[in-house]
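Below is one structure, written out as structure tokens; the observations come after it.
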Amino acid sequence: MLSPFSPMPEIPVDFRAPPPSPVASGRRSTVTNDDVLTEFLEASLRVPDLVLPDKIFPKQKHLDAPPEVDFVSLCFHRDDALRDVVSDSLARIGCFQLLNHGIPSQLVESAAEDATGVFQVPHAKRAAATRSPEKPWGFEEYHAGEEEEEGSEEFVWCNEEELKSKMEGIWPIGYPNFSEKMEKLMSRIEMVAMKMMHVILKKKSAEFDSGNETGNVCCIYKHGGDNTKDSLANSLKYDVIRMLIRGTDYSHSLCFHLCNGSSQFHVYSKKSWLSFCPEPGALIVTAGDQIQILSGGLYKSVIGRPIFKAEEKQSISMAFLCSHQNKKKNFGSHGSRSVSLSQQAILALILPLVYHVMIFLYKKLHS
């Protein structure tokens, strides 16, 4: 018999989870229409059929050669019809061909012949005259990493004393003569450029000088002897990619191309790629970014490159980039004079002394 004070025996409690409720075989899911859901998922998750372009470059267009303009008739005989031809060509394709320009072919050929010596300077000696952000002149590989294979290179010349000093140090025999010829050639190009700006902008032209920090420059290109189809294709791809990424390194108004012997001339812009066969002896003129701005966007800024397909071992071409100088800016710069730091330091030392002398004299007079 259990005592009323005896503990009650523990009764185990079975806490088992109830079994899941069965779903009737005829019951559908919460989605009213599985077919609609399936079609929606298939349509949403389907990968679209993408048609990618074969090339990233602008489409090349072969066109008739740009108009051939007689320099004397245009600039001295004031031929309004030729003026309209130049304006229309610059607006449509950004270039034209200039004939009877008066630049002696002997001077051009002699300068180009001497330019081959520039690229014969050993690579070990080129460091002092290699382009950099501080020195926008000198040597630059035309094809980075492919120089030994294709042999295409670039040298930027300008009438800069530091460049002359560096080059005479590494090429003392040939550079002075080469630089003298380039100065004469640049002077003739600048005379043509001034006349052309007078015609193109229909007003008195400013001088072409010191538009860049280094003044007007000439990009000299050595075109390699590998003229196979693949080599030419790689060269064109390099030019187009370079143009799309950084355009030209120098802001300029007009560029004058001397490329005798070239089989084709290519004109690149952001939207098109044109090619034509240049007239022998012609000076090919392309519009730069400054002329596009000065014309209010009427004229088309482009980049031009000659193509050589001959069997010669190497060919030389030159592109003279002429910059427009604003005369008003020059007048302002000549009218104001700057004070150097040394003059400011001397003035800071003299003023206190003058102040104390004046105070001493004032007290002396009123004592």
Pairs beyond 20 Å (Cα-Cα), from Lys222/Lys271; Lys202/Lys300; Lys125/Lys164: Lys222/Lys271
For Leu98, distant residues with modelled amide H under 5 Å away: Val69, Leu283, Ile284, Val285
Percent RCO, i.e. relative contact order, over the stretch 69-147, from Cα pairs under 8 Å lying at least 6 residues apart: 20
Peptide ranges 79-85, 97-103, 283-289, 193-199 listed from the most packed, as the mean C-beta count within 10 angstrom indicates: 283-289, 193-199, 97-103, 79-85
Relative packing of 165-171, 130-136, which averages over residues the other C-beta atoms within 10 Å, highest first: 165-171, 130-136
For the stretch 68-140: rounded, prolate or oblate by the Cα gyration tensor [a/c cutoff 1.5]: prolate
1.4 Å probe accessible area per residue over the stretch 282-321, in Å²: 39
Accessible area of the stretch 64-127 divided out per residue, in Å², using a probe of 1.4 angstrom: 48
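Would you work out the relative contact order for the stretch 254-326, in percent, from Cα pairs under 8 angstrom that are 6 or more residues apart?
Numbers: 122 pairs, mean separation 32.0, N = 73.
Relative contact order of the stretch 254-326: 44 percent.
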Under-5 Å amide H pairs with Leu254, H placed in peptide plane, nonlocal only: Gly288, Cys322
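The values are calculated or read from the model by the stated rules, or taken from the named source; none is laboratory data. Small disclaimer: the values here were computed from a predicted structure and weren't measured. So basically every Cβ, Gly included, is an ideal-geometry build from the backbone, and we count neighbours across all protein chains shown. The area values use the complete protein model at the heavy-atom level, side chains included, leaving out ligands, DNA and RNA. Shrake-Rupley method; radii C 1.70, N 1.55, O 1.52, S 1.80 Å.
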